[in-house]
Amino acid sequence: MSISILVNGELTETTSKTLAELATELGLNGKRYAIEVDGMLISKSRHSEYILNAMQKIEIVHAVGGG
């Protein structure tokens, strides 16, 4: 069963149940990123237990290296 969520302002359909599954679906594994849900930063250690709900606002920020 899929749900609709907002990912970085875009309406997205997903079958992911947790933030960890969503990160995998979006190809984020192995990358440095942070996820905020409805204005709250969710630590990476909680991604596998954080259950997604319909119409949640997900913001994903990618870390960029530089020098």
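The values are calculated or read from the model by the stated rules, or taken from the named source; none is laboratory data. All values derive from a computational prediction rather than experimental measurement. Note that we place each Cβ from the backbone using ideal geometry, even for glycine, and neighbour counts take in every protein chain shown. Ligands, DNA and RNA are stripped out before the accessible areas are found, and what is left, the full protein with its side chains, is counted by its heavy atoms. Shrake-Rupley method; radii C 1.70, N 1.55, O 1.52, S 1.80 Å.
The stretch 1-63: D in µm²/s via Stokes-Einstein (Kirkwood Rh, Cα pairs, 10 °C, 1.306 mPa s)? Can you show the working numbers first?
On the way: Rh = 11.5 Å.
In µm²/s, the coefficient rounds to 138.
Judged by the mean number of other Cβ atoms found within 10 Å, the most tightly packed of the peptides 13-21, 41-49 leads the ranking 13-21, 41-49.
Rolling a 1.4 Å probe over the heavy atoms of the protein chains gives the chain an accessible area of 66 Å² per residue.
With r defined as the distance between the Cβ atoms of Leu52 and Asn29 and R0 fixed at 22 Å, what FRET efficiency is calculated, to the nearest 0.05? It would help to have the intermediate numbers written out before the result.
Values: r = 17 Å, r/R0 = 0.78.
The computed FRET efficiency comes out at 0.80.
For the stretch 27-63, the residues whose backbone nitrogen is under 14 Å from a point 7 Å from the Cα of Lys17, taken along Cα to Cβ, are 48-53.
Relative contact order (percent) for the chain, with alpha-carbon contacts under 8 angstrom and 6 or more residues of separation? Don't skip to the answer; put the middle values down first.
On the way: 102 pairs, mean separation 27.8, N = 67.
It comes to 42 percent, rounded to a whole number.
The charge dipole of the chain, taken about its Cα centre with unit charges on the Cβ of Lys, Arg, Asp and Glu (plus for the first two, minus for the last two), comes to roughly 240 debye. Only helices enter the 222 nm calculation for the chain: every DSSP H run of n ≥ 4 contributes -39,500 (n - 2.57), and dividing by all residues gives -2500 deg cm²/dmol, rounded to 500.
With the full set of protein chains in place, find how many percent of the accessible area of the stretch 14-67 is carbon and sulfur; take the probe as 1.4 Å.
Details: 1900 of 3530 Å².
Here it works out to 54 percent.
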